[in-house]
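Here the structure comes first, spelled out in structure tokens, and everything after it is commentary.
What follows draws every value from the coordinates through simple rules; no lab data is involved. Fair warning: this is a prediction, and the values are worked out from it, not measured in the lab. Neighbour counts are summed over all protein chains in view; Cβ atoms, including those assigned to glycine, are modelled from backbone coordinates with ideal geometry.
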Amino acid sequence: MIRLIENEVLKMLSKKKLVLISVILLVLVSLFCYGENASYKHTIMRFSGTPGQTQNYNWKSMVNQQILYLKNTMNSQYIKEDRKNSINIQIEQLQYYINHNINPITPTSAKFTIDFMDEAIYLFLPLLIIILAGDAVSGEFSSKTIKVLLTRAVPRWKILLSKYIGVLILSCIVILESALMCVIISSFAFHSGGWNEPMATGFKVIGDKLDSSNVIRIYQWQYAILVYSLGWFVSVNIATLSFMVSVIVRNTVTSVGIMLATLIGGGFLQMFLQDWPMIKYFFAVNLDLTQYLTASYQPVSGMSLSFSALVLCLWSIAALVISFSVFQKQDVLV
């Protein structure tokens, strides 16, 4: 079995997809880092009135100005109710940071690394995993190598399992690569690690109010491990679903297209059908797991971290059952 897994990993590496993903990550992380630095300087200039000054400023005074700006925005008659609720939660979080002496403004390598995964977990990371796993099985059909593969004296389920484990291994490499690139690039950009700085997590949204009674203070490095663990969990689920589609469809382009359509479609469903109770059971709506750590406003009621994790697990289990059932029974030699 180990030899089969090794062969599958080497086969996937030979397709140079991991190299492509590495280049995409390098470009996107660099751009995101540049944007974060530019946004930070713009914030300093906007609220301090001193262009180019990024040191020796009173961050509490600036956060108070941000709170005042958000309150004025919330009082606008053109702001929708759900947007007002979201802004109100932001205000309460910023006030909590002031009260507990937690600086949310100054960028560090730790904050950037965490923020990148916060933004990537819902769409960018799944897209990379789809590119990686979309042709795991369908590629064998497209290249007509499936017949050669099945001439081995190895049960079909072992062949499929080795492919699945190979996909998971490369998915883990993508997560580790993302973290390493973020740490290295942001360390050069911000010249500050910040890994031992405190941060708050455990916020809960009850109605349109922020509940901070269960908030705990942890170090940034601990929070980064938590965030990237959730990113790994999402990548495993996306890899599993992509693997199932690859088994069923037999065509690489169609397989990738189906996953991209469902992933992007999930965002539209959440936007336009948020009042439909069944929408929260769709896997694409439950991918943004890190939002539960920061108590972002939930447009779909009844969702929580445990609920979303359970939904994703059920989707993955169903996908694995379907994958092995179909691969065992279908006439793959035709």
Compute the long axis of helix 2-14 from its Cα atoms, compare it with the longest principal axis of the Cα atoms of the chain, and write down the angle in degrees, 0 to 90, nearest 10. 70
Long-range amide H contacts for THR201: which residues qualify at under 5 Å (H placed 1.01 Å from N, peptide plane, sequence gap of 5 or more or a different chain)? ILE216, ILE218
Take the Cα atoms of region 2-329, find their three principal axes, and give me the spread along each one in whole Å, biggest first. 71, 45, 32
Two-site label geometry, ILE2 and SER14: point separation in nm, points 7 Å out along Cα→Cβ: 2.2
Distance (nanometres) between label positions extended 7 Å along Cα→Cβ at ASN251 and ILE264: 1.8
Give me the angle, in degrees from 0 to 90, between the Cα long axis of helix 252-272 and the longest principal axis of the Cα atoms of the chain, rounded to the nearest 10. 30
I'd like the Karplus ³J(HN,Hα) series for region 184-190: coefficients 6.51, -1.76, 1.60, θ = phi - 60°, whole numbers in Hz, and an x wherever there's a Gly or Pro. 5, 5, 5, 5, 6, 6, 9
Acute angle (nearest 10 degrees) that the helix 220-249 long axis makes with the longest principal axis of the chain, alpha-carbon atoms: 30
